[in-house]
Amino acid sequence: MTFGEKIKTLRKAQGMTQKDLAEALGLSLRTISNYETGGLRPRHNATYDALAALFHVPKAYFFTEEDAFILAAEARWGESGAKDARELVDGVIGLFAGGKLDDEDKQAVFEAIQEAYFRAKLESEAQKAGSSHDEDA
């Protein structure tokens, strides 16, 4: 089930309209419509928190593997990290468009790219910390 299908199902189960949901979350009706039918997902963790609280479900219920990766990057490196992760995800999805990989292989490729991304970011941090430590000496 996609993110949009999940919120639409929960919204209808609560007897809410898209307008009701938009007002409850402080978002526009267009945003809710795009979530449900346009394939868009929230960019900020706070929106997932609000949805989870509103519908009494764990926040992780709404995540795809890609969402979790982007949010982890944002938690660690801020909006810049989230932007980088989002661009990486979009690029990887583009690689798979029309491809012949089955879902298991796609997952393995995504996990390898995700691991490489986090490793590169951590190594970059370590190098920066080492060079600033050297400057202090």
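The values are calculated or read from the model by the stated rules, or taken from the named source; none is laboratory data. Keep in mind it's a predicted model, so treat the numbers as computed, not measured. No Cβ is skipped: glycine too gets one built from the backbone with ideal geometry, and neighbour counts run over all protein chains shown. The area values use the complete protein model at the heavy-atom level, side chains included, leaving out ligands, DNA and RNA. Shrake-Rupley method; radii C 1.70, N 1.55, O 1.52, S 1.80 Å.
Mind checking which pairs have a first residue in segment 54-70 that is under 14 Å from residue 43 (Cβ atoms) and a second that is surrounded by 12 or more Cβ atoms within 10 Å (Cβ to Cβ) and of a type in the set (Ser, Thr, Tyr), Cβ under 6 Å, 6 or more apart or different chains?
Hits for this filter: 62/48.
Would you call residue 57 among the aliphatic types (A, V, I, L, M), open to solvent by less than 40 Å² (accessible area, probe 1.4 Å) and in a loop (DSSP other than H, G, I, E, B)? Let's see the steps before the verdict.
Working: among the aliphatic types (A, V, I, L, M): yes; open to solvent by less than 40 Å² (accessible area, probe 1.4 Å): yes; in a loop (DSSP other than H, G, I, E, B): yes.
Judged against the criteria, residue 57 is a match.
Which ones in segment 60-75 are surrounded by fewer than 19 Cβ atoms within 10 Å (Cβ to Cβ) and of a type in the set (A, V, I, L, M)?
Answer for segment 60-75, where residues must be surrounded by fewer than 19 Cβ atoms within 10 Å (Cβ to Cβ) and of a type in the set (A, V, I, L, M): 60, 68, 72, 75.
Would you confirm whether or not segment 67-76 contains a residue that is touching an Asp or Glu at 6+ places or on another chain (Cβ under 6 Å), at pLDDT 85 or above and part of a helix (DSSP H, G or I)?
So the first thing to find is which residues in segment 67-76 are touching an Asp or Glu at 6+ places or on another chain (Cβ under 6 Å), and the list is none.
Taking every residue of segment 67-76 in turn, none turns out to be touching an Asp or Glu at 6+ places or on another chain (Cβ under 6 Å), at pLDDT 85 or above and part of a helix (DSSP H, G or I).
What are the residues in segment 106-132 that are more than 16 Å from residue 67 (Cα to Cα) and open to solvent by 70 Å² or more (accessible area, probe 1.4 Å), if any?
The answer is 119, 122, 123, 127, 128.
Please determine whether any residue of segment 57-66 is closer than 23 Å to residue 122 by Cα and out of contact with any strand residue (DSSP E or B) (no Cβ under 7 Å at 6 or more places or on another chain). Show your work before the answer.
Going residue by residue through segment 57-66, those that are closer than 23 Å to residue 122 by Cα are 65-66.
Pick out the ones that are also out of contact with any strand residue (DSSP E or B) (no Cβ under 7 Å at 6 or more places or on another chain) and you get 65-66.
Scanning segment 57-66, I find at least one residue that is closer than 23 Å to residue 122 by Cα and out of contact with any strand residue (DSSP E or B) (no Cβ under 7 Å at 6 or more places or on another chain), so the answer is yes.
Let me confirm something: among 2, 47, 17, 31, which residue is open to solvent by less than 80 Å² (accessible area, probe 1.4 Å), closer than 19 Å to residue 82 by Cα and polar (S, T, N, Q)? Step through it out loud before you land on a result.
Working: 2 fails: closer than 19 Å to residue 82 by Cα; 17 fails: closer than 19 Å to residue 82 by Cα; 31 fails: closer than 19 Å to residue 82 by Cα.
The unique qualifying residue is 47.
Applying the selection to segment 62-96, what residues are aromatic (Phe, Trp, Tyr) and over 12 Å from the mean Cα position of the chain (by Cα)? Don't jump to the end; show me each part of the working.
If we filter segment 62-96 for residues that are aromatic (Phe, Trp, Tyr), which is where we start, we get 62-63, 69, 77, 96.
Those that are aromatic (Phe, Trp, Tyr) and over 12 Å from the mean Cα position of the chain (by Cα): 77, 96.
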